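Read the structure below first, then the notes.
Readers should treat all values here as calculations from the given coordinates under stated rules, not as data from a laboratory. Remember, predicted model here, so these are calculated numbers, not experimental data. FYI the Cβ positions are ideal-geometry reconstructions off the backbone, even for glycines, and counts take in every protein chain you see.
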Amino acid sequence: MPLDDAIAARLGRPIKIRSVEAIAVALPLTKPMKMAGVEIRTADNLVVRIEAEDGTCGWGEAASAPTMTGDTLPAMVAAVRDVLAPVVKGQDGRGRAKLVQKMAHALHANTGARSAVETALDDLVGRTLGVTFADLHGGAVRDAVEPMWLIGNPTVEEDIAEAKARMADGYAFFKLKVGVKRVEQEIDTAIAMRKAVGPDVTLCADANGGFDYPRAAKFLAGVAPAGLAFLEQPLPPENLAGLARLVRSTALPLGADEGIHSLADIEAHAAAGAGGLSLKLIKLGGPAATLRAAALAAHRGLSINLAAKVSESSLGSAGTLHLATMVPAADWGVSLTHVYLAEDIAKPVLRIVDGKVKPPLGPGLGVEVDEAAVRKFAVT
């Protein structure tokens, strides 16, 4: 039977959902990661397993992010178990768009939990039909993207050593975590990093909202020799007036991350003069909403970074990577965070080749979840 006929035959059969399981996991990091306001030692994530009546499983993942989305791990598990699972169980997965709408009506906010369930639905339907995650959403416009590596060590010497080690692995795009130390030290670190990595490597910085206006202005005034591509979320997300004022004071593009949770947020930041955005599935509520956000960002002339939260496994990173191949532009790179884990729960682990990374080509997300590893890292 030709492939198209085989897909049509499968499409004609319901994909009836038998079970929806919410699993809390704590994944070990290779080392603690310090950002403005928080130090992450383990990745506390939600894993969603959806099983159809024929035994096919779809998987999704979302990181807890109390300071970004307000989602804690126990709350995410409860949201899926008590509210979202009853919406989805017994339904036909082919109607996943309608199920996504029903989930949004059933539960306000809780974007991480809704994203994990929607991603698992996409994975299930893709596996059943034998098509990729990207093809379920209209297809990819690029086959690979440039990955970004996050750097934030106690000393500049450690930062430089880490950057050079990653350059040997093929990375040529680094994001410096700032807003944590004295601003003078962070300026010196950025300039030293530029000297160490040379002119052809892309450097940017991310304050995670950790600067106040005077410190942000001082950083921008002093960091010009570092040749940064952009500064992400210099001020707390609610300070749009401060962002607009900063934009008028510098030629360096200023981005937003923690401030972007909706289409209205994109419009507000565009009006304030932001140069680009970091889009995360957990902030926007799932793949479909993230694609709508990317289309609006492109319409408003904003650069786009696709990012997983620190740290999702290769399961969550696969979803982000697929989306990065689908959005109108990904000129601010893609942040895949499974690389910061000491152990993963999915294979294949995504790898860089010639400075770029390609999404897995199998059906659905294209990764296989190791259920033994999920049980190993499960927490109550």
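Here are a few things to note about the model shown:
- Of all beta bridges that DSSP places with both ends in the chain, some 60 percent have antiparallel geometry.
- Residue exposure sequence - 162, 267 - by fewest surrounding Cβ within 10 Å: 267, 162
- Near-label residues of the range 115-156 by backbone N, under 19 Å of a point 7 Å along Cα→Cβ of residue 368: 123-133
- Modelled spin-label separation between residue 72 and residue 109, with each label point placed 7 Å from Cα along the Cα-to-Cβ direction: 1.2 nm.
- Semi-axes of the equivalent ellipsoid for the range 199-276, Cα gyration tensor, largest first, Å: 20, 14, 11
- Globularity index of the chain, i.e. its alpha-carbon radius of gyration over 2.2 N^0.38 Å: 0.97
- For residue 368, residues with placed amide H under 5 Å, excluding near neighbours: 347
- Computed from label points 7 Å out along Cα-Cβ, the spacing between residue 38 and residue 19 is 3.1 nm.
- Gain in span if fully extended, residue 31 to residue 351, counting 0.36 nm per residue against the direct Cα distance: 113.2 nm
- Positive contributions from Lys and Arg (+1) and negative ones from Asp and Glu (-1), summed over other residues with Cβ under 11 Å from the Cβ of residue 236, come out at -3.
- Cross-link table 31/218; 34/376; 16/356; 177/358, entries beyond 28 Å C-alpha to C-alpha: 31/218; 16/356
- Stokes-Einstein D in µm²/s, Kirkwood radius over Cα pairs - the range 3-131 at 4 °C with 1.567 mPa s viscosity: 84 µm²/s
- The string of couplings for the range 19-35 from the Karplus curve (6.51, -1.76, 1.60, θ = phi - 60°) is 8, 10, 10, 9, 10, 8, 10, 10, 9, x, 8, 5, 7, x, 10, 9, 10 Hz, one whole number per residue in order, with x for Gly and Pro.
- Placing pseudo-labels 7 Å out from each Cα toward the beta carbon at residue 158 and residue 82 gives an inter-label distance of 4.0 nm.
- Max mean-square fluctuation residue, GNM over the chain, Cα-Cα springs under 10 Å, options 314, 19, 115: 19
- Per-residue Karplus couplings for the range 253-264, computed as 6.51 cos²θ - 1.76 cosθ + 1.60 with θ equal to phi - 60°, are listed in order as x, 10, x, 10, 9, 4, x, 10, 10, 7, 5, 5 Hz, Gly and Pro entered as x.
- Over the range 206-338, the ratio between the Cα radius of gyration and 2.2 N^0.38 Å evaluates to 1.01.
- Mean shadow area of the range 44-99, taken as a quarter of the surface of its Cα convex hull (nm²): 4.3 nm²
- J(HN,Hα) series, the range 46-58, from Karplus relation 6.51 cos²θ - 1.76 cosθ + 1.60, nearest Hz, glycine and proline x: 9, 10, 10, 10, 10, 10, 8, 5, 7, x, 5, 10, x
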